[in-house]
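Here is the structure we will look at.
The values are calculated or read from the model by the stated rules, or taken from the named source; none is laboratory data. Owing to the predicted nature of the structure, the values given are computational and were not obtained by experimental measurement. Cβ placement follows ideal geometry from the backbone for every residue including glycine, while neighbour counts extend to all protein chains displayed.
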There are 2 protein chains.
Amino acid sequence: MDAANGSQTLEAQVKAFFDSAPPLQNTQQLTQKLDQFIQRNSSSSANGEPRRIVCVTSGGTTAPLEQRCVRYIDNFSSGHRGATSTEYFLKAGYAVIFLYRRGSFQPFCRSLPDDPLLECFEPADELNIQVCEAYSEAVKTAIVDHHAAVKGGLLLKLPYNTIFEYLQMLQLIATSMRCLGPCLMFYLAAAVSDYYVPWKDMVEHKIQSGSHLLDVQLVQVPKMLSLLRKDWAPLAFCVSFKLETDSNILLNKAGTALEKYKMHAVVANELTTRKEQVVVVTSAEKIIVQRDKSISGNDVENPLINLLSERHAAYIKDSGR
Amino acid sequence: MDAANGSQTLEAQVKAFFDSAPPLQNTQQLTQKLDQFIQRNSSSSANGEPRRIVCVTSGGTTAPLEQRCVRYIDNFSSGHRGATSTEYFLKAGYAVIFLYRRGSFQPFCRSLPDDPLLECFEPADELNIQVCEAYSEAVKTAIVDHHAAVKGGLLLKLPYNTIFEYLQMLQLIATSMRCLGPCLMFYLAAAVSDYYVPWKDMVEHKIQSGSHLLDVQLVQVPKMLSLLRKDWAPLAFCVSFKLETDSNILLNKAGTALEKYKMHAVVANELTTRKEQVVVVTSAEKIIVQRDKSISGNDVENPLINLLSERHAAYIKDSGR
């Protein structure tokens, strides 16, 4: 197992990962969608300036344990952060590529129950259905706002399941969009698998459950953030996330990630308080961002996206565009 | 790690599993719901006979790798089989307890797209929404039929996530319902984890991704089917499933499961053809059940549930009730 060799260079680890990955389906269709999205949004402009584009990644990635996948390792992530942030990015004038885990939270739907169709609607009579009174406004807003963003060409939604799909799609997005230079932002809120089983090492069929103990050996997923910054889209403004359950190590780990992967900002969040407060770590500052509790229905993503949008604007200005 | 001792008796392994499991939330509320469900459905009767009740389990279970769960091992299962079967059991006159993985397919919704709210509705004008023409009938049927089954007290839906929740809930359902004797059926379509990390062996915090290799050691989940048959609900009619990706070993494995766990029937299905054909294995027969392709929109679950319902009726008759 070559990929198991920890002494390999990052480039060799990345090559081993992509070589081992099953090829992405529909690459051509995906490239076409991305090209149309760039064309539409780089020609349209808000207040005379070119429209900024952000790629929001959202939800967990899976690492299959079998080629004909029955079992996989998954990361917990509802996708709430990415879905909510997408709404605020759209409000802030961005066009958004929403790279999301299939089945995770969708923009404009976060105040709805788990199963909105069955829980928000009821029969009106034998022939018709109606929205339940309690969800009337939320359902209408979700459908109208979502539809406006998608039909208006401001929101492009791209689903993934596995870590293989996620990283291949992220690379394709970055290399397709690097022409946007500093106007492009990456907001990497997806919970990406740290470990995977190289495709060629996987058993083809379902693992048999005969033995009393199972030993699963996984290889670290190469940290692609460095490549995103260095090769894929070197001028893009990059924001990554650090989630920990242990607040004692959180800020240190966020600082390390900032330096190691040359991010422009790292959003540090702790599992239990992540909807109330995050800390934005940059090379110069640690800024605590809190949800404004005085306004009902407000989210921590509201001030967070405002802050990042400001920083991104300053970054574009500094880049001389 | 006691549970790792493969020479333990099944009872000891089961005790180790339940001792290690985090206690089920809302047990009292769950018991109350089950009691009401039994009361309502054992007093009502179809054609003079007591109503039959089936517990359909559906979707995959997760095995957490960390106590404050970020990572877990999951089993692929959309829950399509369980959701579809539930509809046919209701049609056949059963009351159904639907024990399902949160987020998996729901009864009456299988012909709808992944994200029905956003894909089936559109703005009618600035103030109103409407169902898209293409989904009009499917959406209406889903809401009306689902509502009728739930409000009519014939469908009780109980969600789970982890293998710990699933097995504790299954035990509670079985012991609460054993009073129904042979009128009770278990239709165990859930894809249950074969391996787990005992709760007490789990790290509390998120596994750190420092090292290049990760070695995950898992213990086999004790096979509770034997206990279901022997202790939890000895008179119930029990149907389990065997899914394999390798058709060469499928029927043998189904036969072994039938004998080992004393099931009344095992439904053998192969991953790629599972929506077209299954084989019902009993001690006397192997019956191939196929989807009737001449009728559009027909499912293999239609003849499957008809067959099982007949066998269950014969079983009740043989039991002298």
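Hey, any hits in the stretch A:305-315 for a residue that's more than 14 Å from chain B (Cβ to nearest Cβ) and touching a helix residue (DSSP H, G or I) at 6+ places or on another chain (Cβ under 7 Å)? Within the stretch A:305-315 (the criterion being more than 14 Å from chain B (Cβ to nearest Cβ) and touching a helix residue (DSSP H, G or I) at 6+ places or on another chain (Cβ under 7 Å)), the answer is yes, since at least one residue qualifies.
Determine, yes or no, whether B:LEU225 is buried (at least 17 other Cβ atoms within 10 Å of the Cβ), among the aliphatic types (A, V, I, L, M) and in contact with a Lys or Arg (Cβ under 9 Å, 6 or more places away or on another chain). Please lay out each step first, then the result.
Values: buried (at least 17 other Cβ atoms within 10 Å of the Cβ): yes; among the aliphatic types (A, V, I, L, M): yes; in contact with a Lys or Arg (Cβ under 9 Å, 6 or more places away or on another chain): yes.
Here the answer is yes, as B:LEU225 does meet what is asked.
Counted as qualifying within the stretch A:107-208 are the helices (runs of 4 or more DSSP H) with 1 or more residues that are in contact with a Ser or Thr (Cβ under 9 Å, 6 or more places away or on another chain) and either more than 10 Å from every other protein chain (Cβ to nearest Cβ) or surrounded by 22 or more Cβ atoms within 10 Å (Cβ to Cβ) (or both), namely A:136-151, A:163-177.
Within the stretch B:241-261, residues that are under 22 Å from B:MET185 (Cβ atoms) reach partners that are small (Gly, Ala, Ser) and modelled with pLDDT of 90 or more with beta carbons closer than 6 Å, at six or more positions or on different chains, in the pairs B:PHE241/B:ALA189; B:LYS242/B:ALA254; B:LYS242/B:ALA257; B:LYS242/B:ALA268; B:ALA254/B:ALA268; B:TYR261/B:SER226.
Selection of the stretch B:33-49 for residues being at pLDDT 95 or above and either buried (at least 23 other Cβ atoms within 10 Å of the Cβ) or hydrophobic (A, V, I, L, M, F, W, C) (or both) yields B:LEU34, B:PHE37. Taken as a whole, the condition of being aliphatic (A, V, I, L, M) and farther than 22 Å from A:ARG71 by Cα applies to B:LEU235. Residues of the stretch A:25-35 that are free of Cβ contacts under 8 Å to residues at least 24 places away in the same chain and part of a helix (DSSP H, G or I): A:GLN28, A:GLN29, A:GLN32. Filtering the stretch B:50-71 for residues that are out of contact with any Gly (no Cβ under 7 Å at 6 or more places or on another chain), at pLDDT 90 or above and surrounded by fewer than 16 Cβ atoms within 10 Å (Cβ to Cβ) leaves an empty set.
Can you list the strands (runs of 3 or more DSSP E) lying wholly within the stretch A:260-299 that have 2 or more residues being surrounded by 11 or more Cβ atoms within 10 Å (Cβ to Cβ) and within 14 Å of another protein chain (Cβ to nearest Cβ)? Talk me through it step by step, then tell me what you get.
On the way: elements: A:265-270, A:277-281, A:286-290.
Of the strands (runs of 3 or more DSSP E) lying wholly inside the stretch A:260-299, those with at least 2 residues that are surrounded by 11 or more Cβ atoms within 10 Å (Cβ to Cβ) and within 14 Å of another protein chain (Cβ to nearest Cβ) span A:265-270.
Here is a check on your reading of the model: is B:PHE98 surrounded by fewer than 23 Cβ atoms within 10 Å (Cβ to Cβ) and either in contact with a helix residue (DSSP H, G or I) (Cβ under 7 Å, 6 or more places away or on another chain) or within 14 Å of chain A (Cβ to nearest Cβ) (or both)? Against the criterion (surrounded by fewer than 23 Cβ atoms within 10 Å (Cβ to Cβ) and either in contact with a helix residue (DSSP H, G or I) (Cβ under 7 Å, 6 or more places away or on another chain) or within 14 Å of chain A (Cβ to nearest Cβ) (or both)), B:PHE98 does not qualify.
Go through the stretch A:218-254 and give me each residue that's within 10 Å of another protein chain (Cβ to nearest Cβ) and part of a strand (DSSP E or B). Answer for the stretch A:218-254, where residues must be within 10 Å of another protein chain (Cβ to nearest Cβ) and part of a strand (DSSP E or B): A:LEU218, A:VAL219, A:GLN220, A:LEU243, A:GLU244. Could we say that A:LEU99 is assigned to a helix (DSSP H, G or I) and either of a type outside the set (Gly, Ala, Ser) or over 18 Å from A:VAL300 (Cα atoms) (or both) here? Here the answer is no, as A:LEU99 does not meet what is asked. Selection of the stretch A:69-95 for residues being of a type in the set (A, V, I, L, M) and more than 8 Å from chain B (Cβ to nearest Cβ) yields A:ALA83, A:LEU90, A:ALA92, A:ALA95.
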